[in-house]
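To start, the structure under review is shown below, and the notes come after it.
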Amino acid sequence: MEKLMFPMRTINITQGVNGQYSHQGTYAIDIAGKDTGIDDVYAPCTMICRYKDVPANGNACFFESTEKVQFADGTIDYATMMFIHCNDVSHLHLGQIIKQGEVFYREGTAGQATGNHCHIEVAKGQYTKLYIKNAQGRFMLPQSVHPASAFFIDGCTVKNGDGYVWKKTTDKITNWISCGDAKWQYRKDGKLIKNDMIWDSEYGAWYAFDKDGYMIRSALFQYQGKFVWLEESGKMLKNGELKLKADNSGYLNKA
Ligand SMILES: [Zn+2]
């Protein structure tokens, strides 16, 4: 299975996620590359061209991975991507298949752009439609996600990563999300676990999460009709083990 790779060799973000120039409420990033000319854009995975917009709209091109790929956050799904501002896209046509790593696009100034750059958005799932207009009035790719949770950056030079935590394929993939204040959430296949239990292979234990997705500690949780006890660490007490109440009046995990 292909891993989704960052589409440019130099990561130089000139406007980031939710940027106040034109990215309000979006997961878009503008990449200026080396900024010494027009940098190439490489296919993050093997993908098919789904749409080509007009020059007035920056020659925006939409692509969908031909197979499911692995995202940097561990999700396995199809990827849909949008690239904007290439000055000439006459070499691209609908249905065209581009192999992972091939140069298929370049920075440019087509549409609303000052200075050569490439506007990139990435979404989980197959191509559905073009843009949606968000609450801030910005057009964006549906189901888009943060690029740092999507692309691996092996082989890239990070000139300005905008403070995001970028992952390499050699980094450990974890499902745990630190929420600060000793609170943890858990994401599996792109979904937050809520009011449910999961087996976590990283720590080799069962964990439970409340309706807001926070890990439950030192408390009972009703799961498939049975009560289980979650330790202070969040780990479920092993099957069959009983947790005695402090006053010895009974068991916490035996309702
Ligand atoms: Zn942009």
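The values are calculated or read from the model by the stated rules, or taken from the named source; none is laboratory data. Predicted model only: the values in this text are computed from it and were never measured. Counting neighbours? That spans all protein chains shown, and the Cβs are built from the backbone with ideal geometry, glycine included. Areas reflect the complete protein model, heavy atoms only, side chains present, ligands, DNA and RNA absent. Shrake-Rupley method; radii C 1.70, N 1.55, O 1.52, S 1.80 Å.
Residue check, Gly19 against (1) at pLDDT 95 or above; (2) within 18 Å of the chain's Cα centre (by Cα), all met but one. Which one? Failing condition for Gly19: (1).
Any residue at all in segment 84-94 that is open to solvent by less than 10 Å² (accessible area, probe 1.4 Å), in contact with a strand residue (DSSP E or B) (Cβ under 7 Å, 6 or more places away or on another chain), of a type outside the set (Lys, Arg) and within 16 Å of the ligand (Cβ to nearest atom)? Looking through segment 84-94, at least one residue is open to solvent by less than 10 Å² (accessible area, probe 1.4 Å), in contact with a strand residue (DSSP E or B) (Cβ under 7 Å, 6 or more places away or on another chain), of a type outside the set (Lys, Arg) and within 16 Å of the ligand (Cβ to nearest atom). Answer with yes or no whether Gly74 is touching an Asp or Glu at 6+ places or on another chain (Cβ under 9 Å), within 17 Å of Met1 (Cβ to Cβ) and part of a loop (DSSP other than H, G, I, E, B). Yes; evaluated as a whole, the condition is true for this residue. His85 meets all of the listed conditions (1) over 18 Å from the mean Cα position of the chain (by Cα); (2) within 29 Å of Asp171 (Cβ to Cβ) but one, namely (2). Out of curiosity, is Asp181 at positive phi, among the charged types (D, E, K, R), not assigned by TED's automatic domain parsing to the domain that holds Lys34 and not in a strand (DSSP E or B)? It is true that Asp181 is at positive phi, among the charged types (D, E, K, R), not assigned by TED's automatic domain parsing to the domain that holds Lys34 and not in a strand (DSSP E or B). When Ala72 is tested against (1) open to solvent by 20 Å² or more (accessible area, probe 1.4 Å); (2) within 30 Å of Asp171 (Cα to Cα); (3) more than 16 Å from the ligand (Cβ to nearest atom), exactly one condition is not met: (1).
Scan segment 139-190 residue by residue and report those that are within 27 Å of Gln24 (Cα to Cα) and among the polar types (S, T, N, Q). Answer for segment 139-190, where residues must be within 27 Å of Gln24 (Cα to Cα) and among the polar types (S, T, N, Q): Gln143, Ser144, Ser149, Thr157, Asn160, Ser178, Gln185. State whether the residues of segment 186-204 include one that is in contact with a Ser or Thr (Cβ under 8 Å, 6 or more places away or on another chain), open to solvent by 70 Å² or more (accessible area, probe 1.4 Å), over 28 Å from Lys133 (Cα atoms) and at pLDDT 85 or above. No. A single entry from His23, His85 fulfils the requirement of being over 19 Å from Gly101 (Cα atoms) and in contact with a Cys (Cβ under 7 Å, 6 or more places away or on another chain): His85. When segment 110-130 is filtered for residues that are within 13 Å of the ligand (Cβ to nearest atom) and open to solvent by 60 Å² or more (accessible area, probe 1.4 Å), the ones remaining, listed by number, are Gln112, Thr114. Candidates in segment 44-56 are the residues that are in a loop (DSSP other than H, G, I, E, B) and surrounded by fewer than 22 Cβ atoms within 10 Å (Cβ to Cβ); of these, the one that is farthest from the ligand (Cβ to nearest atom) is Thr46.
Table: residues versus (1) closer than 15 Å to Phe151 by Cα; (2) in the same structural domain as Gln185 (by TED's automatic domain parsing); (3) within 16 Å of the ligand (Cβ to nearest atom); (4) open to solvent by 30 Å² or more (accessible area, probe 1.4 Å).
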site: Met5; (1), (2), (3), (4): yes, no, no, yes
site: Gln24; (1), (2), (3), (4): no, no, yes, yes
site: Ile29; (1), (2), (3), (4): yes, no, yes, no
site: Gly58; (1), (2), (3), (4): no, no, yes, no
site: Tyr78; (1), (2), (3), (4): yes, no, no, yes
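Output the residues belonging to segment 143-177 that are under 23 Å from Lys194 (Cβ atoms), touching a strand residue (DSSP E or B) at 6+ places or on another chain (Cβ under 9 Å), in contact (Cβ under 8 Å) with a residue 60 or more places away in the chain and open to solvent by less than 50 Å² (accessible area, probe 1.4 Å).
Result: Ser144, Val145, His146, Ser149, Ala150, Asn175.
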